[in-house]
Amino acid sequence: MLHARGLLLRCDEPAVFCASAAALVLFGAHPAFRFPQCEILVDAYDDTRISGRPKGQLNVNAPLSHALEEILAFIDAHTFHPRRVVGLNNVRLDEYPRAAIREALLNAVAHRNYEDASRKVFVRIFSDRIEIASPGYPLKPITLAKLRKGNYRPCSRNPLIAQALCILDKMEQRGTGFTPAMEARLNERQRKIVMQIQEGSIVTNKWVQETFNVVRDTAYRDIQLLLDLHIIERRGRGRSIRYVLAGERA
C-alpha cells in the first residue's frame with residue numbers, strides 16, 4: 001500500500017524499497033536532518049510586534065502529525081483561556097478557535113513549497129494575533145481572493161503528503177477545510193453579513209444595526225473583524241461606505 005501511495009520507492013535490488021521524500025517528511029523521526037526546510041520555528045511575544053527576546057520559543061523537528069500536536073500545545077500554553085460559568089459548569093474558553101489554528105497549520109505544512117530549501121514555516125504568537133507564514137503562494141489557478149470567497153477547486157502542491165494526511169484523517173482533500181476554519185472565528189451575525197455580501201446585497205453599518213438590532217459599536221466590531229481577517233473590504237467614504245468581498249473588483 002505504501003508503494004502504491006508513492007511513499008515507498010523500489011530500489012535497485014529486488015524486493016528492496018526505500019522511503020520517498022514525502023514519507024520522510026510525514027513519518028521520519030527527524031525529517032529536518034535530511035531536509036532542513038522541514039523544521040518549523042515557533043516564537044511567542046508579549047508585544048504586538050517582534051521586539052526583544054521572545055518569551056517562548058520552539059524548534060519543531062518531528063513527523064508532521066506529531067509536529068502539529070507540539071505546536072498546538074505550545075500555542076495553548078502561550079495564549080489566554082478565560083473561564084465562564086455556563087449553567088453548573090465552569091467552561092474553559094480558548095482565545096483562538098483550535099479548529100481554525102489546526103487548519104491553518106495543516107495548510108502551512110501540506111501545501112508549502114518544499115523545493116524552497118532556504119525558508120521554513122514560521123509561527124509567531126503576538127499579544128493580539130497569531131501569524132503562520134508558509135513558503136510559496138497559492139498554487140494557480142487558486143488566488144487569495146478565491147480562497148476568501150470559497151470559490152475555488154482544490155489542488156495541492158504536494159499531493160502525496162496531502163493524500164496521506166487525508167488517509168490519516170488529519171485533513172480534508174476536498175478543499176472544505178478553509179471555510180470552516182474562517183467561520184470558526186465568526187459569530188452568527190458575521191456569517192450572515194458575509195452571506196448577504198455574497199448574494200450581491202449592499203451592506204452598511206446601519207444595515208447591520210437594523211437587521212440584528214444591535215448598537216453602532218457592536219456593528220462596528222462585527223464589521224472590523226471581517227476587515228481584519230481580509231474577508232471583506234471597505235469601499236467609498238462617509239455615508240457612502242459599503243462593504244464587498246475582499247479581492248472583488250469595484
* **Helix-only [θ]222 nm of the chain, DSSP H runs n ≥ 4, -39500 (n - 2.57) each, per residue, nearest 500** => -10500 deg cm²/dmol
* Structure fact -> Under 5 Å from the placed amide H of Ile232, counting only residues 5+ away or on other chains, we find Leu227, Ala246
* So how do 124-132, 156-164, 102-110 stack up, highest first, on mean other-Cβ count within 10 Å? -> 102-110, 156-164, 124-132
* Using all C-alpha to C-alpha distances in the stretch 3-137, build P(r) with 10 Å bins and read off the rounded percent in each one. => 11, 35, 29, 15, 8, 2, 0
* Across the Cα atoms of the chain, what radius of gyration and what greatest pairwise Cα-Cα distance (Dmax) are found, in Å? -> 21.2, 75
* Could you tell me what percent of the DSSP beta bridges with both partners in the stretch 3-137 are antiparallel, to the nearest 5? => 75 percent
* Asked: Cα axis of helix 216-228 to longest principal axis of the chain: angle in degrees, 0 to 90, nearest 10?
  -> 30 degrees
* Structure fact -> Counting only DSSP beta bridges with both partners in the chain, the antiparallel fraction in percent, to the nearest 5, comes to 80 percent
* Just flag the chymotrypsin sites (Phe, Trp or Tyr not before Pro) in the stretch 1-80 sitting in loop per DSSP whose Cβ has no more than 13 other Cβ atoms within 10 Å. => Phe80
* **Across Lys120/Lys170; Lys140/Lys206; Lys120/Lys140, pairs whose alpha-carbon gap is larger than 30 Å** => Lys140/Lys206
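Laboratory data are not the source of any read-out in this text; all were calculated from the coordinates shown. Here the structure is a predicted model, which is why all the values come from computation and not from measurement. Heads up, the Cβs are rebuilt from the backbone with ideal geometry, glycines too, and the neighbour counts pull from every protein chain shown.
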